[in-house]
Structure formats: C-alpha cells, structure tokens
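Here the structure comes first, spelled out in structure tokens, and everything after it is commentary.
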Amino acid sequence: MRTVTLIPGDGIGPEIMSAALDVVKATGVQIEWEYHEAGIPAIEKYKDPLPKHVIESIQRNKLLLKGPLTTPIGTGFRSVNVALRKEFDLYVNFRPVKSFEGIQSIWHDVDLIIFRENTEEFYSGIEHYIDTIKSAAETIGIVTRFGSERILLYAYEYARIHGRKKITIVHKANILKYTGGLFLEVGQQISKEYPEIETNDKIIDAVSMQLVMNPHQFDVIVTTNLFGDILSDLCSGLVGGLGVAPSANIGKDVAMFEAVHGSAPDIAGKKIANPSALILATALMMRHIGELDAANRIENAVKKTIKDRQFVTKDIDPKNPVTTTQMAEAIIHNL
Ligand code: NAI
C-alpha cells in the first residue's frame, strides 16, 4: 500500500479534503494517509507553521496532498505553500485549464496548460524595508539560467510526449530586461530542439487581454513565478472559476497536489465550497503514481456531475445549489 502525507489545510480546507478523501476511497486505490497540520493550526499547536516532523513525513513518502493554507497579508509568517515548494524544490507548477460542459462561462472548449516556474523570482522571499520608518521597500526577484532551463525543458518535454502543438513563452522582457530577458533567451534556445512544436513569445499584459478575448489561440503557456500565479486565476475564470482548477507541484523526488484556490475565508464553515478543484488534484496525483484508470474515473465523474447540474455547489448553480458533501456524493455515484 502507498503512503501519502496529507495536510487538510485551514479555511475550507478540511471540508473539501474530507470530500476528496471519500472520492479517493471510492476508487478502490489503496492509500494510507499520514495526517499532519501546517500553517495556522500548526502554529497554535507547535508554534511553527511548518514543523520538522511534517517535513520528515513528506521526505519519507515523496507525495503530499494538501488543502489550502492561509498566509497572513503584509505581515506575519511567510507562506507555507511557498516554503513547501522551496523545501522540496518543486520547480514545476502544472496547472491544466479545461472547460466543463454545464458551467456557464464566456468560453467553451478551452483546453490549455500553464507551466509556472515555482521556486524563483519574486517568491524567493528576499525583501525588506530600507529603514525603520518604512520610507521604501525592496523585493528582489532572481531568475537563474538553471531554473529557467529546467521548467522550460519540462514544458517542452510534456508537450512532445502529450502531442501538444504550441508553446507560448510569457514574459515582460521589454521592461524586465534581465530577468525576463534571460527566461526568454533560454526558452528560445530550447525551442530549437523541438522543431515540431510551434513556439511564440508574448508579453504578459498582451497575453492577459488575449486570453480573455480568445483563449483558443493558446495551447501551452510557460512563464515565470508571479505571472504564472496571476494567469492561473485568470484562466480558471475562463472555465468556471477557482472551484474547478487543480494544480500539481512537481520536483525531482517529491510531488505535491492541491487546488489552485486558497482557503476562501469568506465561505469557510458554510459547507458551500466546491470540492471539485481538490478532487481533480487527486486525479492528477493518481496519474502521477500510475493509477491511470482511477485518474480517468475521477475526472469523468467530476465532468458528468457538473454536466448534469443536479448536484453542484453555489459557484456553479447559484439558484439550486447543494452542499460540498452532496456534490462529492454525486461524484462518487458517477465514478
Ligand atoms: P481564495 O482562492 O481563497 O478565494 C478567492 C475567491 O474564490 C473567494 O471569493 C472564494 O470564496 C472563492 N473560492 C475559492 N475556492 C473556492 C471553492 N472551492 N468553491 C467556491 N468558491 C471558492 O483567495 P483569497 O481569498 O485571496 O485567499 C485566502 C487565503 O488563501 C490567503 O491567506 C491566501 O494567501 C491563501 N492562498 C493559499 C493558497 C494555497 O494554499 N495554495 C493559494 C492561494 C491563496
């Protein structure tokens, strides 16, 4: 039996995690979960947002299923989500964006993938006020050739293996001439080794507009950390919102699966959160560990449940919504 570290998270985390675990159990794939706390619950209990025993569990099991974790804004402890990505060098952030029949959104048949560099640039945590009266602040974004090469290579290899036709390198190299320039230069070099894949590059601001106007012109997007973060939420909005957007964080040894969304404090405890994003993240995990049948069954069950629109949460059907648990039960029924 496979053992996976599990962090339920806070906010809506425990509600959607319970739903996701029921779905995984119903697939029949045998997984032993090692429960741990991180973030706010861990501070309350251990005075440490990412205790050593949690890191050791992930190191041992190499797999982590994680609910969302709140990060205080402006002050307080640094993001545990970012800390986990750095600790285990999870340099690939894989975020597929796919339309669902049954969700009312401006676009249909969207099918694109965002590869976000997950460890460098403005998420490195190198920042400070220049003096005690906070007259100015500085955040340093470091982009390395090594870091750019490995995410770009991963995206191109993925595209080659999965028959994707086109890669768009997204940057702001007209202004960020060094960090953006290096990422773009590395991308252009690597693209020469993949002549069967069409490559183009675009500036982040133009891409944001073009994604809203016509997302079908994009296939695979590869970009730096901050732009990837922002574009992921934008793209989830093209297919029905954060409730249906899963994410995988992949490194050489360890992989972490989660939803794109955060802890949604505005709806926490109300039993109305859509569990689909985290459930779809369990499907990404199944695919990662070679349980392809279970992965397909989970994805198809989510698709059918959304298409039927009988048992869907408020974000999908505000007029006739069901609870998180009821939607998960419908997904299990459709497995
Ligand atoms: P958020 O993603 O938690 O919520 C944004 C909006 O989407 C809210 O209106 C929320 O109700 C809605 N939403 C999110 N997930 C939903 C779901 N499953 N079903 C229905 N509606 C859903 O972003 P927000 O509010 O800016 O961040 C809250 C906290 O989460 C912050 O502390 C932030 O740092 C953290 N966060 C954590 C992430 C992670 O654990 N990987 C990722 C993003 C944010």
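What follows is calculated from the coordinates using simple rules that are stated; it is not laboratory data. Just so it is clear, the structure is predicted and the values come from calculations on it, not from any experiment. All Cβ positions, even for glycine, are placed from backbone atoms using ideal geometry, and neighbour counts span all protein chains on display.
For the chain, the Cβ-based charge dipole about the Cα centre amounts to some 300 debye (Lys, Arg positive; Asp, Glu negative; other atoms uncharged).
The phi torsions of the stretch 310-317, fed into the Karplus equation with coefficients 6.51, -1.76 and 1.60 and a -60° offset, translate into couplings of 8, 10, 10, 6, 4, 5, 9, 9 Hz, rounded to whole numbers, with Gly and Pro shown as x. Residues F122, F88, arranged from fewest to most other Cβ atoms within 10 angstrom of their Cβ, appear as F122, F88. Add +1 for every Lys or Arg and -1 for every Asp or Glu among the other residues with Cβ under 11 Å from the Cβ of V207, and state the total. Local net charge: 0. Applying 0.36 nm per residue to the separation of L153 and L226 and subtracting their alpha-carbon distance, the gain on full extension is 24.4 nm. Within the stretch 127-232, the proportion of C-alpha pairs whose separation exceeds 24 Å stands at 30%. Relative to the compact-globule estimate of 2.2 N^0.38 Å, the Cα radius of gyration of the stretch 180-320 comes out at 1.22. Of the residues A301, G76, H216, the one whose Cα sits farthest toward the positive end of the charge dipole of the chain, with +1 on the Cβ of Lys and Arg and -1 on the Cβ of Asp and Glu, is A301.
Taking other C-beta atoms within 10 Å as the exposure proxy, M327, M286 rank M286, M327 from fewest upward.
Modelled spin labels at K134 and I73, positioned 7 Å past Cα toward Cβ, are 1.4 nm from each other. Rounded to the nearest 5, the antiparallel percentage of DSSP beta bridges internal to the chain is 45%. Ranked for footprinting exposure by Cβ neighbours inside 10 Å, fewest first, I316, I113, I43 give I43, I113, I316. Bridgeable lysines around K165 (alpha carbons under 17 Å apart, same-chain partners fewer than 8 residues away excluded): K98, K192, K202. Taking a Cβ cut-off of under 14 Å around I114, the surrounding Lys, Arg, Asp and Glu residues balance to a net charge of +1, with basic ones at +1 and acidic ones at -1. Just check the stretch 99-150 against the gyration tensor rule for me: Cα atoms, a ≥ b ≥ c as the square roots of the eigenvalues, rounded for a/c under 1.5, and otherwise prolate or oblate depending on whether a/b exceeds b/c. Cα axes put the stretch 99-150 in the oblate bin. Hey, can you list the DSSP H helices of the chain whose Cα span along the axis is 15 Å or longer and whose average Kyte-Doolittle score is at least -1.0? Those that clear 15 Å and a mean of -1.0 are 13-27, 145-161, 179-191, 225-238, 276-288, 292-308.
Remark on the chain: ratio of C-alpha radius of gyration to 2.2 N^0.38 Å is 0.98.
Take 271-282, 208-219, 21-32 and order them by the average number of nearby Cβ atoms within 10 Å per residue, most first; the result is 271-282, 21-32, 208-219. Distance from the Cα centre of the stretch 111-141 to that of the stretch 212-227, in angstrom? Centre-to-centre (Cα) distance: 21 Å.
Placing unit charges on each Cβ (+1 for Lys and Arg, -1 for Asp and Glu) gives the stretch 22-145 a dipole about its Cα centre, and among I126, L63, T144 the Cα reaching farthest toward its positive end belongs to L63.
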